[in-house]
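Please treat every number below as a calculation from the coordinates, not as lab data. Quick caveat, the model's predicted, so the values are computed rather than measured. When we count neighbours, we look across all protein chains shown, and the Cβ atoms used for this are built from the backbone with ideal geometry, even at glycine.
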Amino acid sequence: MAAQAAAEPCGVRQGVSLQAFTTWKVGGPAEWFAEPDSQEELITLAAWAVGAGLPFRCIGAGSNLLIADTGLGGLTLCNRRLQGSRSDSKEGWVEAEAGEPIPTLARKVARAGLHGLEWAVGIPGTVGGAVVMNAGAQGGCTADWLESVRVLDPARPEAPFTLEARELDFAYRHSRLQEEPLIVLSARFRLAAGHDPAEITARTSANLQCRTSTQPYQQPSCGSVFRNPEPRKAGQLIEGLGLKGMSVGDAQVSPLHANFIVNTGNARASDIDSLIRLVQERVRDEHGIALHTEVKRLGFEAVETLRPRT
Ligand SMILES: Cc1cc2nc3c(=O)[nH]c(=O)nc-3n(C[C@H](O)[C@H](O)[C@H](O)COP(=O)(O)OP(=O)(O)OC[C@H]3O[C@@H](n4cnc5c(N)ncnc54)[C@H](O)[C@@H]3O)c2cc1C
């Protein structure tokens, strides 16, 4: 295989289980895996993957991912070591590396008296993942505050470039980065300066408190599994059908919040996948509504083609 013939860069490992890299705590091995310590290292790794003809993807905190038990071919890069940020509390902006946890960033800017990211404190993802997903909560979302992103095209890893927020086709939990294989290296947010740090910090903490009391934060999950079929709420539809508590193996529709599926012990990705399909079937049969997943499924393509059509 071409990839084995080429000398892999330092830090690349083979057959690494991805379980520890997803908040659902499921997922098989990555054929090749690395956690770059710097953007330069990431660029070297991308160039190696391209040269070796390997499929290549980047993950953040794995808080919106269902990775198949069979794992992922090619190179999987986890960005979580690419942390750090700088801000200007007078001019009102912050720039953060893609692996910076978005709750960490929300707290930092609150302490600097910058208003804008109070909604982000309860979202356990990275800045890169928040941009790709247009993550949002409690009335705010990434698109509202993002100014620009620095991205890498794996086909031209030597030439990172900047995209303005308006070029990202943001919509509800969507950006064009979900369709294009661009890697987010860093993001710049335009925030509102001159606020009282104590007030912004208190609002940020209250947002977190509100979420942890209404959502199952103590159990492995991926947050909301389904997109809301506006104007309806996925959680209300699922709860209305009495599906809270329904299980496949150790995957369970959360008794606390019906749009969450929790791993109560040793769930496999296939258990979660089956439960997702059962919920979709019930909602379609009872309401004629197609629920689409917000969660990104990786590595299911091969399984899909083997599954008999019904
Ligand atoms: C308890 C809990 C609560 C949650 N609540 C919310 C909520 O309120 N609102 C909300 O919107 N989401 C929520 N989520 C879902 C999740 O946290 C968000 O979607 C988050 O933005 C994902 O970020 P991540 O770093 O974990 O991305 P990942 O899950 O690692 O990846 C998500 C997608 O982004 C891609 N990606 C990640 N980083 C990069 C990068 N640097 N460059 C290119 N592509 C990249 C991946 O390939 C994948 O397609 C919740 C999840 C949990 C577990």
> Straight-line reach from K25: which lysines have Cα under 16 Å away, leaving out those fewer than 8 places along the same chain?
Replying inline: K296
> Nearest 0.05, what FRET efficiency do A206 and A7 give at R0 = 51 Å with Cβ-Cβ as r?
Replying inline: 0.45
>> Placing unit charges on C-beta atoms (Lys and Arg positive, Asp and Glu negative, everything else neutral), compute the dipole magnitude of the stretch 11-78 about its Cα centre in debye, rounded to 20.
In response: 200
> Among rounded, prolate and oblate, which fits the chain when a ≥ b ≥ c are the square roots of the eigenvalues of its C-alpha gyration tensor, a/c under 1.5 means rounded, and a/b larger than b/c means prolate?
Replying inline: oblate
> Which percent, nearest 5, of DSSP beta bridges in the stretch 11-78 are antiparallel?
Replying inline: 35
>> With unit charges on the beta carbons (Lys and Arg positive, Asp and Glu negative) and the dipole taken about the Cα centre of the chain, which residue among L278, A202, T162 sits farthest to the positive side?
In response: L278
>> With the crude spin-label approximation of a point 7 Å out along Cα→Cβ, what separation in nm comes out for E301 versus T104?
In response: 3.2
> Can you list residues whose amide H is under 5 Å from F226's amide H, if they're 5+ apart or on another chain and H is modeled 1.01 Å from N?
Replying inline: E294
> Tell me, what HN-Hα J-couplings in whole Hz come from the Karplus equation 6.51 cos²θ - 1.76 cosθ + 1.60 at θ = phi - 60° for each residue of the stretch 37-51, using x for Gly and Pro?
Replying inline: 8, 8, 5, 4, 5, 4, 5, 4, 5, 4, 5, 5, 4, 4, x
> Can you list the HN-Hα couplings for the stretch 182-193, worked out from phi with the Karplus curve (6.51, -1.76, 1.60; θ = phi - 60°), rounded to whole Hz and with x for Gly and Pro?
Replying inline: 9, 9, 7, 9, 7, 9, 10, 10, 9, 10, 8, 8
> Which percentage, to the nearest 5, of the DSSP beta bridges contained in the chain is antiparallel?
Replying inline: 75
> Between H257 and residues 5 or more places away or on another chain, which pairs have amide H atoms under 5 Å apart, with H built 1.01 Å from N, and which residues are they?
Replying inline: none
> What FRET efficiency would be calculated for the residue pair D88, R176, taking the C-beta separation as r and a Förster radius of 22 Å, to the nearest 0.05?
Replying inline: 0.20
> Taking only DSSP H segments of four or more residues, each worth -39500 (n - 2.57), what value at 222 nm results for the chain once the sum is divided by all its residues, to the nearest 500 deg cm²/dmol?
Replying inline: -8500 deg cm²/dmol
>> Using the Cα centre of the stretch 91-226 as origin and beta-carbon charges of +1 (Lys, Arg) and -1 (Asp, Glu), tell me which of T126, G136, T212 is placed farthest towards the positive end of the dipole.
In response: T212
>> Compute a Gaussian network model of the chain, connecting alpha carbons closer than 10 Å, and tell me which residue from G53, G116, G129 fluctuates the most.
In response: G53
>> Can you work out the Karplus-derived ³J(HN,Hα) for every residue in the stretch 226-239? Use 6.51 cos²θ - 1.76 cosθ + 1.60 with θ = phi - 60°, whole Hz, and x for glycine or proline.
In response: 10, 5, 6, x, 3, x, 7, 10, 4, x, 5, 4, 5, 5
> In terms of modelled amide H atoms, which long-range or inter-chain residues lie less than 5 Å from the amide H of M246?
Replying inline: V253
